[in-house]
Amino acid sequence: MKIYTKTGDLGQTSLIGGVRVPKHHIRIESYGTVDELNSHIGLIRDQAINEEYKIVLKEIQDRLFTVGSSLASDPEKSKMKIPDFHPEDIQLLEDQMDLMNETLPELKNFILPGGHSIVSYCHLARVVCRRAERIAVQLSEFSYVDPMVIQYLNRLSDYLFVLSRKIAKDLGADEYIWIPRV
């Protein structure tokens, strides 16, 4: 099987179900941003971090393929069965955040991204996740998007923020608070 098909050479691509759309279509932008997010999470997972985090991040990467499949499907035309979400997928993120928060100091200020490269990778993934969420919400205004996709992306960005704080604590890295000039 060749990886190249030449069917996209004129700026069109196919959704799951066969419908052809321009490569700049918001549906393509939505799952392309999820793919970008998945790559950032892979970068975090490749760092010297706690093995338990790596296990959860691998599960998240798997769920992001589910998100991408959902967003890549034409809801009006596709008859293909795609992977689905379960409430437990969102619960996993919430449980992990609760667990990490048990050892973190109370958050009283905004946190500036940085302090360690791994922490910065978490923040990069977080902002890409927020962008993916915004695009999915925009798409949902005129085409069906599984509500769990939006909920998952929302919770995942929160998870990535908490993970950044927990990794900073694990590494003994400084957490820089934002002090506004007024």
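The values are calculated or read from the model by the stated rules, or taken from the named source; none is laboratory data. Keep in mind that this is a model prediction, so the values were computed, not measured. Quick reminder, even Gly has a Cβ in these numbers, built from the backbone with ideal geometry, and neighbours come from all protein chains shown.
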Members of region 89-134 found to be of a type outside the set (Gly, Ala, Ser), touching an Asp or Glu at 6+ places or on another chain (Cβ under 7 Å) and not in a helix (DSSP H, G or I), listed by number: Ile111
Residue, surrounded by the most Cβ atoms within 10 Å (Cβ to Cβ), within region 23-65, restricted to residues that are polar (S, T, N, Q) and out of contact with any Leu (no Cβ under 7 Å at 6 or more places or on another chain): Thr33
Which listed residue, of Met1, Met80, is farther than 23 Å from Ser143 by Cα, more than 13 Å from the chain's Cα centre (by Cα) and of a type in the set (A, V, I, L, M, F, W, C): Met1
Matching residues in region 39-73 - criterion: being part of a loop (DSSP other than H, G, I, E, B) and out of contact with any strand residue (DSSP E or B) (no Cβ under 7 Å at 6 or more places or on another chain): Asp46, Gln47, Ala48, Ile49, Asn50
The listed residue being under 22 Å from Tyr144 (Cα atoms) and modelled with pLDDT of 85 or more, out of Ser78, Ser70: Ser70
Any hit, region 141-152, residues being within 20 Å of Leu57 (Cβ to Cβ) and either more than 21 Å from the chain's Cα centre (by Cα) or buried (at least 21 other Cβ atoms within 10 Å of the Cβ) (or both): yes
